[in-house]
Amino acid sequence: MPETATSQPRVRQLENVEGVSANDRYYFGYQYGLGTQYIVPYLRSQSVPLAGKRICEIGCGEGGVLAALADEGATYALGIDIRQEALDRADKIFPALGINSEFKIHDVTNQQTPPEWKESFDFVTLRDVMEHLDDTLGSLRNVMDFLRPGGYLYVVFPPYYSPFGGHQHALANSWGKLPFIQFFGDKIFNALIKSGRSIDIEEVTRLRSIRLTIDKFRAAVSAAGLEMIDEELFFLRPVFKLKFGIDPLKVNFLKRVPFLREVVALEASYLLRKK
């Protein structure tokens, strides 16, 4: 049986760490569980090396996925986010776990890549981040700056037209519980989201302007000159196993079916390589 978010040995190491709350341990734990139970085995199946490598997670949060990757023998782990409070938590967690790491505020869309990061990493991942970046192609090119030639990039996102791809569930209002409201025109859509929290309304509106689809991401990968190693589409996402105990369900047979793949796949994942 998979370990729960709070029963894992790595999480238990954090129980008496000053400044790390039970809530912090929970979120770190479910991220770490996703990393150990799905992401690391997937990367192994694709022969992606992590031992002795420099790795980076963009949008790392508390760093649970990054820690799972680092536990494969990475020599250095960099976590990037735009939320200082998340990085502050990660800064307390990783020294307690003995992982050689660093955490920095950085915006991959609007900031230049620091010289010390350029072509410095063997593996970079963005999990549920790409759909929030205003310039998909520009951000992808900036992320490529991090990678050494031959380095791997792993990207996961919910396609915009999937049931909750508009992130309406974040609004915590009654309409946000309904799937596919992003198909409504602007007038109805704006009326449905107006009772949410202002910060969530702003983000849901921004995602509507980005509208990251499978087709749009594939086009950006091609334009950026990245090599696509693998693509997977899920109706039931791997993270559901950690949250609800539901096993993942792939719908890879929809890869060649326009439109239907956009509305049925709740997650699209891509393993890419810098040529």
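The values are calculated or read from the model by the stated rules, or taken from the named source; none is laboratory data. Keep in mind that this is a model prediction, so the values were computed, not measured. Every residue, glycine as well, gets a Cβ built from its backbone with ideal geometry; the counts of neighbours run over all protein chains shown.
Only one residue in ASP134, ASP91, ASP122, ASP145 is within 29 Å of ASN23 (Cα to Cα) and either of a type outside the set (Gly, Ala, Ser) or without any contact (Cβ under 8 Å) to a residue 12 or more places away in the chain (or both), so which one is that?
Unique residue meeting the criteria: ASP91.
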Open item on the list: For the range 1-31: of the residues being in contact (Cβ under 8 Å) with a residue 40 or more places away in the chain and of a type in the set (Val, Ile, Thr), which is surrounded by the most Cβ atoms within 10 Å (Cβ to Cβ)?
Closed with: VAL20
Open item on the list: I'd like to check which strands (runs of 3 or more DSSP E) are fully inside the range 65-163 and have at least 1 residues that are more than 16 Å from the chain's Cα centre (by Cα), over 30 Å from ILE214 (Cα atoms) and of a type outside the set (Ser, Thr, Tyr).
Closed with: 101-105
- [ ] Quick one: in the range 248-275, of everything that is surrounded by fewer than 16 Cβ atoms within 10 Å (Cβ to Cβ) and hydrophobic (A, V, I, L, M, F, W, C), which residue is nearest to VAL156 (Cα to Cα)?
- [x] LEU249
Open item on the list: For the range 32-72, give me the residue count where each residue is crowded, with 19+ Cβ neighbours inside 10 Å, out of contact with any strand residue (DSSP E or B) (no Cβ under 8 Å at 6 or more places or on another chain) and under 14 Å from PHE94 (Cα atoms).
Closed with: 4
Open item on the list: Anything in the range 165-202 that is assigned to a loop (DSSP other than H, G, I, E, B), modelled with pLDDT of 95 or more and crowded, with 19+ Cβ neighbours inside 10 Å? List them, or say none.
Closed with: GLY165, GLY166, HIS167
- [ ] Can you confirm whether the range 239-247 contains a residue that is over 18 Å from the mean Cα position of the chain (by Cα), acidic (Asp, Glu), in a helix (DSSP H, G or I) and surrounded by fewer than 16 Cβ atoms within 10 Å (Cβ to Cβ)?
- [x] no
